[in-house]
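Computed from the coordinates by the stated procedures, all read-outs in this text should not be read as laboratory data. Treat the numbers as computed from the prediction; the structure is a model and nothing was measured. All Cβ positions, glycine included, derive from the backbone under ideal geometry; neighbour counts span all protein chains shown.
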Number of protein chains: 2
Amino acid sequence: MVKLNKSLKQLSSGYLFQEVEKISLSINKKIKLINLGIGDINKPISKFFITHICKAAKTLQYEKTKRGYCNSQGENNLRRIIKKYCYKNLNISEDEIFISSGTKRDISSIQELFSKDAKIAICDPSYPVYLDSNIIAGRKNISLLKCLEKNNFLPLIPKKSYDLIYLCSPNNPTGVAFTKKELKKWVDYALKNKSVILFDGAYESFITDKNIIRSIYEIEKAKKVAIEFRSFSKMAGFTSLRLSYLIIPKSLKIENYSLSNLWKRLLDTKFGSVSYPIQQGGLAVYSKEGRAEVKKLISYYMTNASILRKGLEKLNFKTFGGKNSPYIWCKTLNNLSSWDFFNLILKNTNIITIPGRGFGKCGENFIRFSAFANITDIKLALKRLKKFLKNSF
Amino acid sequence: MVKLNKSLKQLSSGYLFQEVEKISLSINKKIKLINLGIGDINKPISKFFITHICKAAKTLQYEKTKRGYCNSQGENNLRRIIKKYCYKNLNISEDEIFISSGTKRDISSIQELFSKDAKIAICDPSYPVYLDSNIIAGRKNISLLKCLEKNNFLPLIPKKSYDLIYLCSPNNPTGVAFTKKELKKWVDYALKNKSVILFDGAYESFITDKNIIRSIYEIEKAKKVAIEFRSFSKMAGFTSLRLSYLIIPKSLKIENYSLSNLWKRLLDTKFGSVSYPIQQGGLAVYSKEGRAEVKKLISYYMTNASILRKGLEKLNFKTFGGKNSPYIWCKTLNNLSSWDFFNLILKNTNIITIPGRGFGKCGENFIRFSAFANITDIKLALKRLKKFLKNSF
C-alpha cells in the first residue's frame, strides 16, 4: 500500500502568498483593492524585450533556423552576456552559469546536491520556499537564524557549525541588505566550517547604495563556498515568462566532486532546458537598449518605494528596507500581531500587505509592503491609511 | 562540513543521450552524420503555433493586457481545451489538469509525493529518468520489471506488491504499446495492492492502432490509481519551447489526502508557473487549424517510421515498435552488445542510434532507432546500412 511523503503533512496548509490572496478575495469589492502584498511586477513588459522574444520564436518555424532540445545549462549567447555584464571583473566563466526558469525552482532544488543530514540554517524571517523545500525533502536538521530588529534584521554569525546557509540580500521580506564587510564574515565562516552559502540575489538590481554588495563573488574566496541565484522576474518584469540563472563556481568542490558538474547531471536528468524564445528575451535585457529599459523600470519602482517608505514614516510607522529593495518592512501599530494588523488594514482600507509572521516567527509584529504597484495606487493607499489611522489609532 | 548527497555518486557518469552525443561528436565528419538517436523533433515548429505564441507575448507589453505570475496549475483556457479535446468522454475536469514545462520535470518530481520507503517498480528497459530521479532522491526500494522479447517487451504482472509503478505506452524505447485489455490488468493490480500507476503517455499522439489505449482513464476505476503524463514536445514539435501536462484525478487519495491538492501545494512552493506565451502556443495546438498541423506532423513521422521499420526488416533486422510509436527497437546482428553494435554502425555508416543497454539491462542486444528525422536522411541511412551489412555480415 502506497503511503504519502509524510513531510508534506508538516507543511502549512497553503503557500503564504496564495493564502493572502484567498483572504483578499473575500473582501468587500465596492472599494478598489490595492495590492501592496505579493512581489509581482506592476508594469507591462518592455516592448523591446517582447520584440526579441517574438523574433527568436519566429526562427523556430524555418528549416534553416529550427531548433530542438536546447542545452540544459542554457544558451551560450545568454550565458556569455551574463558573464560580460554581471560578472565582468569577478572571473566567473560561462561554464559556471546555469540558465533556468525561475529562482523558486533553483533554490528549492539546490538542496538535492547535499546529504540528507546536512545542518541547514535559514534566516527567520525569510522567503518561505527555503524552509518549505527542505521540509518537503524530509530534512530534519533545520535551524532558524533569528534576524532581529536590534541587529537591523541581519543574522548573527552562529557559534555552531552549519553546512548549508541560505542568505538573501537585499532581503525578502525585510528589505535590508548586506554590506561587503558584513557578508565577508559569512564567507569566512563558511570557509572555516566547510559550509556552502546559498546566496539569493533575486533583488540585486534594486541596490542603489554603493556599500551594498551585488554579488557574493565580490568577496575573495567566496567562489569556494557560495552558489548565487538571480532572476529576471523583478529586474526585467519577467514574472509571466520565467527566467533566472544561478552560478556554481568550478572551484566549489565537495569530496572532490565538482558541484557544477553534478548540477549539470541533475539538469540533464530532471529539468531539461528553458524555452528558447524566453532565453533570447533574456539576451535582449543585456543589450544597450535593454539595460536602459531595466534602469527605467527599477527607477520607477524605487521611486515608488521611497514615496511609500516616507509616507509610512510620516504616519509614524517604523520601517526597514525600501532603500535597496522594493520591500518595506513595517512594524505594526499598538503591538498588534502580523495577521491581526494585516486583516485590520485589509478590512478598513482594502489594502493588501503580507503578514510578517508568514515569513517566520521573527516576522511577528511586522507586515511587508511591496512597491510593485503604480504610483497612483501607492498615493491612494497612503491617503486611505492616513484617514483610517486618524480615526482608529 | 557539508557532504554530498551520496546517491549522486551512484548515477552513471553522464545522462545517456548526452553520452551518445559526446561519442558521436568524436566521429569522422567527412561523411554527414545522420541522427536516428535522440528523440528530438526534426521539423520546424508550425508557423501557426509560433504566430499564437507571439500574439500572446505581445499582450504582455500593454497596460490593459499585462500579466504577472500565472496560476501555478496552468492557464484556465489551456486546461479547458485539453479537457475538451483529450478527455472529452473520460470525465476529467480542468481542476485535475496541471500544465508544466516538460514531462521530464513532472515525471522526475512526482515521486516527491510518496513515502521514502515506497516500493517502486520500473520497467527494464525504460526511459532513464524514472530510475535516475529515484536514485537521486535516495530511494532504495527500486525493482526492475523485466520486459522481454518473448512477452513482446511488456512487463508481466508481478506477484509482489509494489507501491509505485512506472508504465510508458507507447513505450520508449521499445515502441510497443498496451492494449486496453493488457493495461486493465495493471489497473486491477493497482486497485488490489493500493498502488499508484505513473502512466507516461508522452507518445500518445503517435498511436494509430484502435486497440491501443490512449489514456489510462479509458479503463474504469483508473482514476483511483493513476497519474497520467503527456507532452507537447513530440506531438507539436515543442522540444525547444517546453510544455507538458499531467492529470491527477481528484479521486486519487492516499491516507485521505488528495494528491492533486498536495501537488498544487508543491507547485506553488517549488515550481511556479509556466511561461505564459508558451502556454498560449499550447492552446493553438488544439484549435481546428492546430489539430490539422499536428495530424500532418505525426503523419510525416509515422510515414518515416514505417519506411525505416520496413527497410530494417528488409535488411533482416528483427524489429519491434514503429507502428504506434516513432521508435523502432531493433535487435543487433550476430548477438553483438548494444554498445558494440552502436559503435560499429556509427563508425562505419555515420548513423547515430541509441544503445538499448542505456535503457536497462534488458535492453542489451538491442538498439533504438528514432524516426524523428527527415525522409531523405532515413532513406540514405538505409542505403548506407545495406552497403555496410553486405560487406561485413
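Sequence-ordered 3J(HN,Hα) estimates for the range A:386-393 from the Karplus curve with 6.51, -1.76 and 1.60 and θ = phi - 60° stand at 4, 4, 5, 5, 4, 7, 10, 10 Hz, glycine and proline given as x.
Relative to the longest principal axis of the Cα atoms of chain B, the long axis of helix B:338-349 lies at roughly 60 degrees.
Highest GNM mean-square fluctuation among A:Asn134, A:Asn28, A:Asn343, for chain A modelled with Cα contacts below 10 Å: A:Asn28. Only helices enter this figure: runs of n ≥ 4 DSSP H residues, each worth -39500 (n - 2.57), summed and divided by the residues of the protein assembly as shown, yield -11000 deg cm²/dmol at 222 nm to the nearest 500. For the range B:59-178, the normalised intensity computed at q = 0.12, 0.14, 0.17 Å⁻¹ comes to -0.62, -0.79, -1.01 (log10 of I(q)/I(0), Debye sum over alpha carbons, equal scatterers, no solvent).
A simple charge model with +1 on the Cβ of Lys and Arg, -1 on the Cβ of Asp and Glu and nothing else charged puts the dipole of the range B:222-287 at about 140 debye relative to its Cα centre. Take A:Ser392, move 7 Å from Cα toward the beta carbon, and the resulting point lies 8.1 nm from the same point in each other copy, nearest first.
Comparing the range A:251-313 with the 2.2 N^0.38 Å rule of thumb, its C-alpha radius of gyration ratio is 1.85 (two decimals).
Relative to the longest principal axis of the Cα atoms of chain A, the long axis of helix A:288-314 lies at roughly 30 degrees. For the range B:183-326, the spread of Cα positions along the three principal axes, ordered from largest to smallest, is 55, 41, 26 Å. Of B:Ile38, B:Ile254, B:Ile378, the residue with the greatest mean-square motion in the GNM of chain B, using alpha carbon springs below 10 Å, is B:Ile254. Using every pair of separate Cα atoms, the Kirkwood estimate puts the hydrodynamic radius of the range B:1-106 at 19.2 angstrom. Over the protein assembly as shown, the pair-distance histogram of Cα-Cα distances with 10 Å bins from zero comes to 3, 13, 23, 25, 20, 10, 4, 1, 0, 0 percent, rounded to whole numbers.
Largest mean-square fluctuation among B:Asp268, B:Asp163, B:Asp200, in a Gaussian network model of chain B whose springs join Cα atoms under 10 Å apart, belongs to B:Asp268.
Whole-percent P(r), chain A, all Cα pairs, 10 Å bins from 0: 5, 22, 31, 26, 13, 3, 0. Residues whose amide H falls under 5 Å from that of B:Leu144, counting only those 5 or more places apart or on a different chain, are B:Ile122, with hydrogens built in the peptide plane.
Closest approach of a chain A Cβ to the axis relating A and B (residue, whole Å): A:Cys54, 2. Straight-distance candidates among the lysines for linking to B:Lys347, with alpha-carbon spacing under 21 Å and chain neighbours fewer than 8 residues away dropped: B:Lys22, B:Lys29, B:Lys30, B:Lys32, B:Lys331, B:Lys379, B:Lys383, B:Lys386, B:Lys387, B:Lys390.
Taking the charge dipole of chain A about its Cα centre, with +1 at Lys and Arg Cβ atoms and -1 at Asp and Glu Cβ atoms, the residue from A:Ala381, A:Ile165, A:Thr319 reaching farthest to the positive side is A:Ala381. Computed from the C-beta positions of A:Ile375 and B:Lys288 and an R0 of 51 Å, the FRET efficiency is 0.70 to the nearest 0.05. The protection proxy used here, the mean number of other Cβ atoms lying within 10 Å of each residue, ranks peptides A:227-233, B:16-22 as follows, highest first: A:227-233, B:16-22. Cysteines in chain A that lack a partner Cβ within the 4.7 Å cut-off: A:Cys70, A:Cys86, A:Cys123, A:Cys147, A:Cys168, A:Cys330, A:Cys362. Normalised by the number of residues in the range B:47-287, the average gap of Cα pairs under 8 Å and 6 or more apart makes the relative contact order 27 percent. Simple spin-label estimate for A:Lys210 and A:Asp340 gives 4.6 nm between the two label positions (7 Å along the Cα-to-Cβ direction from each Cα). Taken about its Cα centre, chain A carries a charge dipole of roughly 660 debye when the Cβ of each Lys and Arg holds +1 and the Cβ of each Asp and Glu holds -1. Under the criterion of Cα pairs below 8 Å and six or more residues apart, the relative contact order for the range B:301-393 equals 30 percent.
Counting, for every residue in B:13-21, the Cβ atoms of other protein chains within 10 Å of its Cβ and taking the mean gives 3. When the Cα positions of B:Cys70, B:Thr51, B:Ser13 are compared along the charge dipole of the range B:1-105, B:Thr51 comes out farthest toward the positive end, with charges on each C-beta of Lys, Arg, Asp and Glu. Plainly put, the tip 7 Å out from Cα toward Cβ on A:Glu149 is 7.7 nm from that tip on each other copy, the closest given first. Pairing the Cα long axis of helix A:180-193 with the longest principal axis of chain A, what angle in degrees results, from 0 to 90 and rounded to the nearest 10? Between helix and principal axis, roughly 50 degrees. Evaluated on the range A:263-353, the Kirkwood hydrodynamic radius is 16.8 Å, with distances taken between all distinct Cα atoms. Taking the label point 7 Å along Cα→Cβ, A:Phe48 and its counterparts in the other copies are spaced 3.6 nm apart, in ascending order. Each of B:Gln61, B:Val176, B:Leu308 was scored by the projection of its Cα onto the charge dipole of the protein assembly as shown, and the greatest displacement toward the positive side belongs to B:Gln61; charges sit on the C-beta of Lys, Arg, Asp and Glu.
With the highest mean first, a sort of the peptides A:139-147, B:94-102 on other beta-carbon atoms found within 10 angstrom per residue produces B:94-102, A:139-147. Averaging Cα coordinates gives a centre for the range A:343-393 and one for the range B:18-87; these two points are 41 Å apart.
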